[in-house]
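K.L.:
Supplied in structure tokens, the structure appears directly below.
No value in this document is a laboratory result; all are computed from the given coordinates. Being a predicted model, the structure only gives us computed values, none of them experimental. Here the Cβ positions follow ideal geometry from the backbone for every residue, glycine too, while neighbour counts run over all protein chains shown.
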Amino acid sequence: MSNSTPAQQGFTLLELMITVAIAAILLAIAIPSFESTIARSQLTTKTNDFLAGLASARTEAIKNNTRVVMCASANGTTCTGAPWTGGWLVFIDTDRDGALDAGETITKVSQVTSDLSVVGTATVNGAAATPIAFSPDGTLFRNAGGTVRVCKATTALPANENARDIVINGVGTPRVQRPNPAIAVGTCPTPP
């Protein structure tokens with residue numbers, strides 16, 4: 001029979017301190033990368049949301065054989081005529097007057113969070129206009145197209161990567177591109 005003390009298992013204080021120090025260093029390296037990944041993801045999500053609104057409006061116009069309008073809306077129930085910064089909605093313009101009237105169906109609503117913004121407008125005969133109207137054949141109604149810029153106010157991304165331009169041609173087909181400094185759309189807000 002052996003009278004030895006059992007071996008103790010566990011960490012010494014020194015081993016624990018070294019492990020915590022290594023974990024802190026790894027986190028300090030990884031967190032900025034996570035912040036930029038999250039910022040890019042939010043920017044992509046809001047850009048895709050705006051594209052989905054355009055696609056929805058165009059599809060509804062063709063499906064219902066009537067004009068459908070996508071307009072700026074801060075509250076999700078009325079068109080504000082203001083910039084896209086608060087959000088937007090899509091409605092079936094049954095009387096074809098370009099305004100959301102009682103009895104007209106709202107088919108899609110989207111709000112913008114405080115750290116994301118949408119600047120710029122489509123154009124109607126060369127003048128800025130926030131509503132984008134689609135004709136029954138899916139083309140833009142009296143619009144010459146235009147550019148809308150989706151911005152993410154953040155320091156996690158370089159200034160040239162914190163926005164996406166949605167370019168809408170006269171036929172009504174949108175495409176996404178990195179911001180083009182030659183296009184005067186609007187300035188993205190500075191990060192807080």
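K.L.:
Among 101, 93, 49, which comes first, then next, by fewest other beta-carbon atoms within 10 Å?
P.N.:
Ordered from fewest to most neighbouring Cβ atoms within 10 Å, 101, 93, 49 come out as 101, 49, 93.
K.L.:
Moving to a separate point now. Find which of 56, 146, 79 sits farthest along the positive direction of the dipole of the stretch 13-177, computed with +1 on the beta-carbon of Lys and Arg, -1 on that of Asp and Glu, about the Cα centre.
P.N.:
146
K.L.:
List the residues, sorted by chain then number, that are 5 or more residues from residue 145 or on another chain and whose placed amide H is less than 5 Å from its amide H.
P.N.:
Excluding prolines and chain starts, which carry no amide H, the hits are 123.
K.L.:
What number comes out for the charge environment of residue 96, summing +1 per Lys or Arg and -1 per Asp or Glu over other residues with Cβ under 12 Å away?
P.N.:
Local charge sum for residue 96: -3.
K.L.:
Now a separate question. How large is Rg over Rh for the stretch 13-177, taking Rg from the Cα atoms and Rh as the Kirkwood inverse mean of 1/r across Cα pairs?
P.N.:
1.19
K.L.:
Straight distance only, please: which aspartates and glutamates reach the Cα of residue 152 with their own Cα at less than 18 Å, same-chain residues fewer than 8 apart left out?
P.N.:
In chain and number order, the partners are 35, 49, 115, 161, 165.
K.L.:
Follow-up question, since we're still on this one. Lysines within cross-link reach of residue 63: Cα-Cα under 18 Å, excluding same-chain residues under 8 positions apart?
P.N.:
108
K.L.:
Residue separation times 0.36 nm, minus the C-alpha to C-alpha distance between residue 13 and residue 155: what's the value?
P.N.:
Length gained between residue 13 and residue 155: 47.3 nm.
K.L.:
Taking R0 as 30 Å, what's the FRET efficiency between residue 35 and residue 178 from their Cβ-Cβ distance, rounded to 0.05?
P.N.:
Efficiency, from the Cβ-Cβ distance: 0.90.
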